[in-house]
Every structure is written in C-alpha cells, then in structure tokens.
Amino acid sequence: MGEIKLKEIPITKEKSKALQKEFREEILSLQNMLFSSDSKRVVAGNSDAFPLKHSFSEGIYVREMLMHKGSFVIGHIHRCTHTWFLLTGALIVTTERGTESYIAPCYVNAPEGAKRAIYAVEDTIFVNVHANPENSRDIDKLEREITAESFKEYDDWKKAADSKNNIKNK
C-alpha cells in the first residue's frame with residue numbers, strides 16, 4: 001500500500017481565533033451542564049472520587065490525582081506553562097489544540113492558557129508540576145496563582161503580564 005498524504009490546510013489567524021472561541025464556549029458549556037446536574041458522580045475540586053496528593057520541593061509544587069477508569073475531569077485554566085506526567089494508565093485529553101491519547105509512562109509540556117477535558121481510559125495517576133518560587137504550601141493560594149477562574153480572567157492576566165514584560169525588556 002502506498003503512503004497517504006494529507007493536504008495541509010492553512011489556518012488564518014482569524015480562523016484560529018474563531019476556533020479558539022468556539023472551543024472555549026463548548027468546554028464551558030459542558031462544564032456548566034455538569035455542575036448544574038444533580039448527579040453524585042459530578043464533583044468539583046478535591047474529593048474521594050478524585051483524591052489529590054500535594055507535595056513540594058524547593059521552588060516546585062507537585063499535584064497528583066488518581067483518576068478511575070471511565071472518569072472525566074474538566075481542568076482549570078492554567079496561567080503558565082507547566083509539565084504533567086502520566087505515571088500509570090491511559091488518557092484522552094482535549095484542549096483547544098485538539099484531542100490526543102496518552103499511554104503511561106509519558107509527559108507533556110502544557111501551554112499556558114490551557115483548559116483540558118480529560119477522560120481516563122484506564123485507572124490513571126496523573127501529575128502536574130508547577131513552579132512555586134515563593135515555596136508556598138498554601139494550596140488555595142497556589143491554585144489562585146497557577147489557575148484562572150475564567151478565560152476572561154486569564155486573558156486579562158496575560159495582557160497585563162505581557163505588558164509588564166515589555167516594559168522590563170525596554
């Protein structure tokens with residue numbers, strides 16, 4: 001059999017922004033639908049269903065989550081790039097950049113501004129590693145620093161951070 005070559009379709013900046021907006025609306029709609037349900041299977045944050053383990057090293061915050069086969073998580077919007085590790089199991093992860101499957105062991109350098117929908121194909125241990133320059137051990141404070149509650153909050157924070165960096169670099 002011959003090799004199949006797919007035609008590359010150029011995506012303009014405008015089309016990219018439209019796709020990003022569409023993804024953001026759809027993932028927030030799904031999140032709102034889940035949180036407004038009466039299902040006991042829908043939880044927000046740390047719970048027995050998704051136990052979290054927090055650990056620290058100099059300048060590093062590590063957040064480990066156990067996901068059971070068939071479970072589904074919609075993650076926070078992360079302000080900064082970070083690395084996550086899949087230690088055991090298999091996941092399907094959807095972001096505004098597309099959908100990918102991962103089988104442990106592996107790691108991914110996640111981009112800033114990412115909000116992930118994650119499905120556990122198998123029982124999974126999933127670990128996020130974040131910078132923690134102040135060596136804080138206050139989980140609520142770390143979550144406020146690492147994540148944004150909304151895309152608007154993230155976009156505003158990003159614009160301010162970029163502006164601050166531009167002033168520093170002049």
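The values are calculated or read from the model by the stated rules, or taken from the named source; none is laboratory data. Model, not experiment: these values are computed from the prediction. All Cβ positions, glycine included, derive from the backbone under ideal geometry; neighbour counts span all protein chains shown. What goes into the accessible areas is simple: the full protein's heavy atoms, side chains included, and nothing from ligands, DNA or RNA. Shrake-Rupley method; radii C 1.70, N 1.55, O 1.52, S 1.80 Å.
About the Cα centre, and with charges only on the beta carbon of Lys, Arg (+1) and Asp, Glu (-1), how big is the dipole of the stretch 95-140? Nearest 20 debye, please.
Values: 4 positive and 8 negative charges, 24 e Å.
The dipole magnitude comes to about 120 debye.
So what is the 222 nm mean residue ellipticity for the chain from helices alone, if each DSSP H run of at least 4 adds -39500 (n - 2.57) and you divide by all residues, rounding to the nearest 500 deg cm²/dmol? Intermediate values should be presented prior to the final figure.
Working: 3 runs with 49 residues, N = 170.
Only helices count here, giving -9500 deg cm²/dmol.
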Check: Which entries of K13/K158; K115/K159; K21/K69; K53/K152; K17/K164; K115/K164 show an alpha-carbon separation above 21 angstrom in the structure shown?
Finding: K21/K69; K53/K152; K17/K164; K115/K164
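I want the local charge near L66. Using Cβ-Cβ distances under 15 Å, sum +1 for each Lys or Arg and -1 for each Asp or Glu among the other residues.
Working: positive: K53, R63, K69; negative: D48, E64, E122, D123.
Local charge sum for L66: -1.
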Note to self: Rolling a 1.4 angstrom probe over the protein chains, ignoring ligands and nucleic acids, what is the accessible area of V129 in square angstrom, nearest 10?
What the structure shows: 40
Margin query: What percentages make up the Cα-Cα pair-distance distribution of the chain when the bins are 5 Å wide from 0?
Written below: 1, 7, 14, 18, 19, 17, 11, 6, 4, 2, 1, 0
Margin query: Could you tell me how many cubic angstrom of Cα convex hull volume the stretch 52-102 has per residue?
Written below: 107
Item checked: Check: the chain dipole with +1 on Lys, Arg Cβ and -1 on Asp, Glu Cβ, in debye -> 480
Next item on the list: Would you grab the residues whose amide H sits under 5 Å from the one on C80? Only those 5+ places off in sequence or on another chain, please, with H modelled 1.01 Å from N.
Entry: G113
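Using Cα-Cα distances under 8 Å and only pairs 6 or more residues apart, what relative contact order does the chain have, in percent? Write down the numbers at each step before the final one.
On the way: 265 pairs, mean separation 39.2, N = 170.
Once divided by the residue count of the chain, the mean separation gives 23 percent.
Around T94, what is the net charge, scoring Lys/Arg as +1 and Asp/Glu as -1 over all other residues with Cβ under 11 Å from its Cβ?
On the way: positive: R97, K115, R116; negative: E26, E96, E100.
Counting the neighbours of T94, the net charge comes to 0.
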